[in-house]
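FYI, it's all coordinate maths here, none of it is from the lab. Quick caveat: nothing in here was measured; it's all calculated off a predicted structure. Cβ: placed from backbone, ideal geometry, glycine included. Neighbour counts: every protein chain shown.
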Amino acid sequence: MKRILALGLFFLSLPLHAIEWQTLKSTTYPGTIRHYAFHRTPKLDAKTPAALMVFQDGHAYAGGEFQAPKVIDQLVNDGVLPPMLLVFVNPGVFADELKGPPNWNTQKQYKSNRSVEYDTLSPLYAQLIEKEIVPLAEKVQVLSKDPKQRAICGMSSGGICAFTVAWERPELFGKVMSHVGSFTNIRGGHVYPALIRKEPIRAIRIFLQDGTNDLDNEHGNWFLSNQQMAAALKFRKYDYQFITDDTGHGGKGGSKVFAESLRWLWR
């Protein structure tokens, strides 16, 4: 599949880390453009297939409360996590070019395709990752094909998106990390607990985090939905962990246990 790179190149300075952001015009979602970036952890060997971890709403994980490069680099140096390539991907917006750094404010300037990409229950977004993002990543680092060496992560709608990718394509990603995942009826995601209980078990490991003060609106109750997810995963004896706290919607709760949850996910 032909991949068209936009000419725009952006840089985002992070505490202790500098990440080079680029833009991608998608063929999976025609008319959209998105920021993406890579980070190589310590101890990577260019010739040895490396582990992979992909983050949705990438800017929120590259910086902000999570500081994923800093946290993961330390865990790799400590020998807790394998050397890996981190991939940060933002949702697409409808534009010919992106003006501004990769953040929420820049995305708000354009018509967003985030909910379509993240909240829809289909294999289409997995196709974007497989056919457009991973080939770019493979130009940076030789990657393992083992799904146990590949994780996908997201927050809110990015959380259900991460689960959908692994659910639809467990041969691509064997690990899922969801923070305040939107397993609600935005675009039908509330059916996942029922699907988990009845469909064949996927070979995936799942980490869920949510807070008792998460959203409660016309789409559903986030904390209740995550409880239903955890109950269904327990019923089918999935390898899962569900961490709860008293936080609301956002990264506060997930970032507090980020290092701990990474240790569990990659154990």
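Points worth noting:
- Förster radius 25 Å - calculated FRET efficiency between Ala259 and Lys148, Cβ distance, rounded to 0.05: 0.75
- Sorted from longest to shortest, the spans of the Cα atoms of the chain along the three principal axes equal 46, 42, 34 Å.
- Sorted on the mean count of surrounding Cβ atoms within 10 Å across their residues, most packed first, peptides 215-222, 61-68 read 61-68, 215-222.
- For Phe242, residues with placed amide H under 5 Å, excluding near neighbours: Leu208
- Rough spin-label spacing in nm, given labels placed 7 Å along Cα→Cβ, for Lys99 and Asn185: 4.1
- Pairs from Lys25/Lys108; Lys198/Lys237; Lys70/Lys256; Lys175/Lys198; Lys25/Lys252 whose Cα-Cα separation, in the structure shown, is over 22 Å: Lys25/Lys252
- If the segment from Asn221 to Ala194 were pulled out straight at 0.36 nm per residue, it would be longer than the present Cα-Cα gap by 8.1 nm.
- Among Thr28, Thr247, Thr48, the residue with the largest mean-square fluctuation in a Gaussian network model of the chain, with springs joining Cα atoms closer than 10 Å, is Thr48.
- Efficiency of FRET from Cβ geometry, Leu121 and Ala231, R₀ 25 Å, rounded to 0.05: 0.80
- Ranking of Trp104, Trp21 by neighbouring Cβ atoms within 10 Å, starting from the fewest: Trp104, Trp21.
- Highest GNM mean-square fluctuation among Arg150, Arg187, Arg34, for the chain modelled with Cα contacts below 10 Å: Arg187.
- Region 142-174-region 101-141 distance, computed between alpha-carbon centres (Å): 13
- With neighbour counts taken as other beta-carbon atoms within 10 Å, the residues Lys175, Lys148, Lys47 rank, fewest first, as Lys47, Lys148, Lys175.
- Relative contact order, whole percent, for the chain stands at 16, derived from Cα pairs under 8 Å and 6 or more residues apart.
- 20 Å Cα-Cα reach of Lys139 towards aspartates and glutamates, excluding residues that sit fewer than 8 places from it in its own chain: Glu20, Asp45, Glu130
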